[in-house]
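Undergrad: The structure follows.
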Amino acid sequence: MKIHVYETYEEMSRNAAEEIIRLLENKPNSVLCIPGGDTPKVMLGFLVEAYKHGRVDFSQAVFIGLDDWVGIGPEDEGSCQQFLNSNFFHQVNAKKENIHFFDTMNENLQDECQKQDEIVKKYSGFDLMILGIGMNGHLGFNEPGVDFSLNSHVIDLDETTQSVGQKYFSKKRVLKHGITLGVNHLLNSRMVFLLANGVKKAEIVKAAVEGPVTNANPASVLQQHENIHYYFDKEAASLLG
Ligand code: PGA
């Protein structure tokens, strides 16, 4: 376990981005998972800038989507897919055929889960999964109470997720279900980065890093990962002992 604490959100984001660039230098066909949400926004900006300066090449990298809101389409504002397309994929040279999102509009979501699990298997798992942490400790949409042995699954969203999630939408949306990679995928990833910034995350970060490992706080499971790197700004890390 490595805990990296930075003075600012920008510093945290730049350092995480530099590690991703280094990974791709060493292994250009790395298999990566990048989350949606506010947390990775500035890190993605650094990656786009590095690409524009010729410092990183995404042409061989494989990207597998972490999660998304069921029933909210790829073009819809607020979906993870839309966020990642506009903030990252459409600005770099990642190949379309190497980007694998959940299709949240598929009527058979079990098929979607199976499809995504097969893709993870085909690429022999992840080299790096980058994660944010929800206000309730969720990772992707692995919500409190989740079974840690699961791979991809559909889940009823926790009340906290339903209300916090409204911030991604300009008008109120009903957010009942999510589709997500499972904790089993995260634990089998060869490396994991958990990013958090801001004082509002301080309590959940403390519980995730220093509290008991429990599915009441899914992020606590990462304590059991042997190659977990936490990237925090000073505020998110402010309650750590
Ligand atoms: P945020 O979301 O980055 O918008 O805070 C994190 C999460 O819910 O996983």
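The values are calculated or read from the model by the stated rules, or taken from the named source; none is laboratory data. Values in this document were obtained by computation on a predicted structure and should not be read as measured data. For neighbour counting, all protein chains shown are included, and Cβ atoms are generated from backbone atoms with ideal geometry for every residue, glycine included. Surface accessibility is based on the protein's heavy atoms, side chains included, excluding ligands, DNA and RNA. Shrake-Rupley method; radii C 1.70, N 1.55, O 1.52, S 1.80 Å.
Undergrad: Please list, short to long, the whole-number percent of alpha-carbon pairs of segment 124-241 in consecutive 10 angstrom bins beginning at zero.
TA: Bins of 10 Å from zero give 14, 46, 33, 7, 0 percent of pairs.
Undergrad: Using a cut-off of under 13 Å, list every residue of segment 8-42 whose amide N is near the label point 7 Å from the Cα of Lys2 along the Cα-to-beta-carbon line.
TA: Flagged as within label range: 15-23.
Undergrad: What GluC sites (Glu not before Pro) does segment 172-241 have in DSSP loop regions with at most 11 other beta carbons within 10 Å?
TA: Glu226
Undergrad: Largest first and to the nearest Å, give the Cα extent of the chain along each principal axis.
TA: 44, 40, 36
Undergrad: Which far-off residues, 5 or more places away or on another chain, put their amide H under 5 Å from the one on His177, with H placed in the peptide plane?
TA: Answer set, sorted by chain and number: Val70, Leu157.
Undergrad: OK, next. Please give the charge dipole size of the chain, origin at the Cα centre, charges +1 on K and R Cβ atoms and -1 on D and E Cβ atoms. Round to the nearest 20 debye.
TA: 380
Undergrad: On average, how much accessible surface per residue is there in segment 2-233, in Å², for a 1.4 Å probe, leaving out ligands, DNA and RNA?
TA: Averaged over the residues of segment 2-233, the accessible area is 44 Å².
Undergrad: Give me Rg over Rh for segment 164-210, both radii from the alpha carbons and Rh done the Kirkwood way, two decimal places.
TA: 1.05
Undergrad: Running a GNM on the chain with Cα contacts under 10 Å, which residue among Ala196, Ala207, Ala16 ends up with the highest mean-square fluctuation?
TA: Most flexible of the set in this elastic network: Ala207.
Undergrad: Straight-line reach from Lys171: which lysines have Cα under 25 Å away, leaving out those fewer than 8 places along the same chain?
TA: Qualifying lysines at Cα under 25 Å: Lys41, Lys200, Lys201.
Undergrad: OK, next. Lysines near Lys115 by alpha-carbon distance under 21 Å, same-chain residues fewer than 8 away left out - which ones?
TA: Straight-distance partners of Lys115: Lys95, Lys96.
Undergrad: Next question, about the same structure. Report the gain in length on full extension from Met105 to Lys206: 0.36 nm times residue separation, minus Cα-Cα distance, nm rounded to one decimal.
TA: Full extension from Met105 to Lys206 adds 32.7 nm.
Undergrad: Under the rule of -39500 (n - 2.57) per DSSP H run of 4 or more residues, summed and divided by the residues of the chain, what mean residue ellipticity at 222 nm is obtained, to the nearest 500 deg cm²/dmol?
TA: -9000 deg cm²/dmol
Undergrad: Helices from the chain with mean Kyte-Doolittle at least 0.0 and a Cα length along the axis of 15 Å or more, per DSSP H: which?
TA: Flagged H segments are 41-52.
Undergrad: Of Gln91, Pro144, Gln114, which is farthest along the charge dipole of segment 72-154 in the positive direction, counting Lys and Arg as +1 and Asp and Glu as -1 at C-beta?
TA: Gln91
Undergrad: Just to confirm the filter: which GluC sites (Glu not before Pro) across segment 80-173 are DSSP coil and have at most 14 other Cβ within 10 angstrom of their Cβ?
TA: Sparse-neighbourhood loop GluC sites (Glu not before Pro): Glu107.
Undergrad: Starting at the first residue of segment 190-198, write each ³J(HN,Hα) from the Karplus equation 6.51 cos²θ - 1.76 cosθ + 1.60 with θ = phi - 60°, in whole Hz, x for Gly and Pro.
TA: 5, 8, 10, 10, 10, 9, 8, 9, x
Undergrad: So, with +1 on the Cβ of K and R and -1 on the Cβ of D and E, and no other charges, what is the size of the charge dipole of segment 89-162 about its Cα centre, to the nearest 20 debye?
TA: For segment 89-162, the charge dipole is close to 480 debye.
Undergrad: How many angstrom lie between the Cα centre of segment 92-144 and the Cα centre of segment 27-41?
TA: Their Cα centres are 11 Å away from one another.
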